[in-house]
Amino acid sequence: MDYLNYLRKDKMPHIWCDGCGNGIILKAILRTVHKLGWDKNKIALVSGIGCSGRTPGYVDFNTLHTTHGRALSFSTGIKLANPDMHLIVVSGDGDATAIGGNHFIHAARRNIDLNLIVFNNYIYGMTGGQASPTTPSCKFASTTPYGNPDSPFDISELAKAAGANYVARSTTFHTARMDRYMEQAFQKKGFSVVEVLTMCPTSYGRANKETGATGADMLKYQKQNSISIKKAADMSDEELKDKFVTGVYVDKDEPTYLEKYQDVRDKANK
Ligand SMILES: Cc1ncc(C[n+]2csc(CCOP(=O)(O)OP(=O)(O)O)c2C)c(N)n1
Ligand code: SF4
């Protein structure tokens, strides 16, 4: 495939730093759309704010760059007004689970037909490396110079508990796996979440050198420390510390919000 067919060449060069994982995720989204043969005009790619939030600007679909944390609410409106449109939502860990945390759990609870890709780099990349709700305990950020005292959210477990129909987690190192999960998620009716553990060498890697100081080092670290969800089930929290657990967390077919809402419409129109 030719990626350029899906990109807005006039928006290049992009703003992402050398070694950032965002481009790896963007390419996986484009490969998946290409494989599924989706018409570009039938796709809306929506983001909030952040480095990950820049993604829609570079892609030749219908695109919307919304306000911080609100991509899911804008997308809900688009989907209700255009039920045949494919809605892909991209969000950083801060965008999805800090300021947008309530939108995230309620989109999952409603099981609304949206495909969310979370770019989880464990930090607020765009604004200078502040700690986010996924920054692991004891790790360093510009707001946690003595180590993070908080416990992090597990985004995939959160989506599962809140009711999403499909949830999977990959790293940016495991591109074949990431493609497979996106393909499954994009075809799923209801709310789907693909959490991609990605790298921000500029804000996270620099502050936490053991995870790798460059993008390439961070990919190696992901490779060395990844573990399947199956293996992780038999391991203690202590053994799982600093490990990247990947796999499919949920794959079910509960009725979606659009289906349930149609039922309401039918009853009201009787
Ligand atoms: C209402 C509001 N609050 C705060 C900000 C500042 N802000 C912009 S991006 C961002 C965090 C970005 O982090 P994340 O969502 O993890 O995305 P990343 O940049 O790491 O991709 C913040 C706090 C904003 N733009 N709007
Ligand atoms: S600050 Fe981090 S997340 Fe943002 S573009 Fe640079 S490497 Fe990527």
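The values are calculated or read from the model by the stated rules, or taken from the named source; none is laboratory data. Bear in mind that the values here come from a model prediction, so they are computed numbers and not experimental data. FYI the Cβ positions are ideal-geometry reconstructions off the backbone, even for glycines, and counts take in every protein chain you see.
A residue that is touching a helix residue (DSSP H, G or I) at 6+ places or on another chain (Cβ under 7 Å) and either more than 9 Å from ligand 1 (Cβ to nearest atom) or within 19 Å of residue 259 (Cα to Cα) (or both) cannot be found anywhere in the range 140-149.
Count of the range 149-163 residues, restricted to those that are surrounded by 18 or more Cβ atoms within 10 Å (Cβ to Cβ) and assigned to a helix (DSSP H, G or I), is 5. Exactly one residue out of 131, 81, 141, 96 is within 16 Å of the chain's Cα centre (by Cα) and either more than 16 Å from ligand 2 (Cβ to nearest atom) or buried (at least 18 other Cβ atoms within 10 Å of the Cβ) (or both): that is 96.
Each row is one residue, and each column tells you yes or no for (1) β-branched (Val, Ile, Thr); (2) surrounded by fewer than 16 Cβ atoms within 10 Å (Cβ to Cβ).
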site: 212; (1), (2): no, no
site: 216; (1), (2): no, yes
site: 224; (1), (2): no, yes
site: 229; (1), (2): yes, yes
site: 235; (1), (2): no, yes
site: 243; (1), (2): no, yes
site: 253; (1), (2): no, yes
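Among strands (runs of 3 or more DSSP E) entirely within the range 168-270, having at least 1 residues that are over 25 Å from residue 52 (Cα atoms) singles out 226-228, 244-251. For the range 244-261, the set of residues classified as more than 15 Å from residue 193 (Cα to Cα) and either touching a Lys or Arg at 6+ places or on another chain (Cβ under 6 Å) or modelled with pLDDT under 95 (or both) consists of 257, 258, 259, 260, 261, listed by residue number. Out of curiosity, is residue 103 more than 16 Å from ligand 2 (Cβ to nearest atom), in contact (Cβ under 8 Å) with a residue 40 or more places away in the chain and not polar (S, T, N, Q)? It is false that residue 103 is more than 16 Å from ligand 2 (Cβ to nearest atom), in contact (Cβ under 8 Å) with a residue 40 or more places away in the chain and not polar (S, T, N, Q).
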